[in-house]
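> Pasting a structure here, questions to come.
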Amino acid sequence: MPLISQSIKGLITLKASSKLLSGDKLSALVTAISNATAQYVLSAAIVNSTNIALGPGSGTQTGRISGLVPNTMSSLMMLKASSAGLSGRDIRKLLDAVSFGVVNSMKSVLLQGVIIGAGPGTGTSKITGLSTSALQKLILAQSFFRQISGNKLRALISAMSFGIINHIMLSGIVNITDIGVAASPPVGPVTIPTAPGTGRLV
């Protein structure tokens, strides 16, 4: 299942409701966060991998993300929020809800890519290409479109963006399976310990 805004929104709303957070402005903000996050992660994330595979050959890659933890993401958000003077139980509850929604939605994301010069094998990779400021701008644009404002809005969205992007890039691991064909004897197959691959999240 791809990363879709409705999935993120549903999970954030579910967690927020369990923490007794509600309201029209909250719903609009959650929609803004969900739309921007899904759009940005899918369009900007890059996965460059190193694989142990049989070659020479060619093939495709698929994989899933592991290593993301809601509490770790929300702790990064709170660190940034506190440095901007944001505090309070409702702030923590909101950031917990956002982290819960983003992390659990990311578990359904797939890598689609190609392995270069090799065929069947396995690999792991980190996610790159993401920017805190770029996500922040998208969430702000979505928020302004929904007429959400406030003197703490920028600081709040900055904290969310900081936590989302840094946790994905620092802790997210893509576990990769390479599917393809390696050359037959006498050319191959031989084990290629550092076969490169590249892909996108879908």
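The values are calculated or read from the model by the stated rules, or taken from the named source; none is laboratory data. Just so you know, these numbers come straight off a predicted model, no measurement behind them. Here Cβ is always computed from backbone atoms with ideal geometry, including for glycine, and neighbour counts include all displayed protein chains.
> Listed residues S17, S34; which is surrounded by fewer than 16 Cβ atoms within 10 Å (Cβ to Cβ) and outside any strand (DSSP E or B)?
Only one candidate qualifies: S17.
> Moving on to the next point. Could you tell me whether any residue of the stretch 173-186 is under 30 Å from N71 (Cβ atoms) and not hydrophobic (A, V, I, L, M, F, W, C)?
Yes - at least one qualifying residue is present in the stretch 173-186.
> Could you list, in sequence order, all residues of the stretch 123-157 that are of a type in the set (S, T, Y) and within 20 Å of N71 (Cβ to Cβ)?
The one that is of a type in the set (S, T, Y) and within 20 Å of N71 (Cβ to Cβ): T132.
> Just a yes or no: is a residue in the stretch 77-100 out of contact with any Gly (no Cβ under 7 Å at 6 or more places or on another chain), closer than 14 Å to L29 by Cβ and charged (D, E, K, R)?
There is at least one residue in the stretch 77-100 that is out of contact with any Gly (no Cβ under 7 Å at 6 or more places or on another chain), closer than 14 Å to L29 by Cβ and charged (D, E, K, R).
> Taking I33 as the residue in question, decide whether it is under 20 Å from N151 (Cβ atoms), in contact (Cβ under 8 Å) with a residue 60 or more places away in the chain, of a type outside the set (D, E) and touching a helix residue (DSSP H, G or I) at 6+ places or on another chain (Cβ under 8 Å).
Criteria met by I33.
> Any idea how many residues of the stretch 68-115 are over 25 Å from N151 (Cβ atoms), over 15 Å from the mean Cα position of the chain (by Cα) and buried (at least 22 other Cβ atoms within 10 Å of the Cβ)?
2
> Determine whether the stretch 3-23 contains at least one residue that is of a type outside the set (S, T, Y), within 21 Å of I168 (Cβ to Cβ) and at pLDDT below 95.
yes
> Right, L54: of a type in the set (A, V, I, L, M) and assigned to a helix (DSSP H, G or I) or not?
Taking the combined requirement at face value, the residue does not satisfy it.
> Hey, another quick one. If you go through the stretch 163-190, how many residues are modelled with pLDDT under 95 and charged (D, E, K, R)?
Looking only at that region, the number is 0.
> Would you confirm, using the coordinates I've provided, whether K137 is surrounded by fewer than 16 Cβ atoms within 10 Å (Cβ to Cβ) and in contact with a Leu (Cβ under 7 Å, 6 or more places away or on another chain)?
no
> I'd like to verify a number: residues in the stretch 38-85 that are aliphatic (A, V, I, L, M) and either closer than 28 Å to A195 by Cα or at pLDDT below 95 (or both), how many?
11
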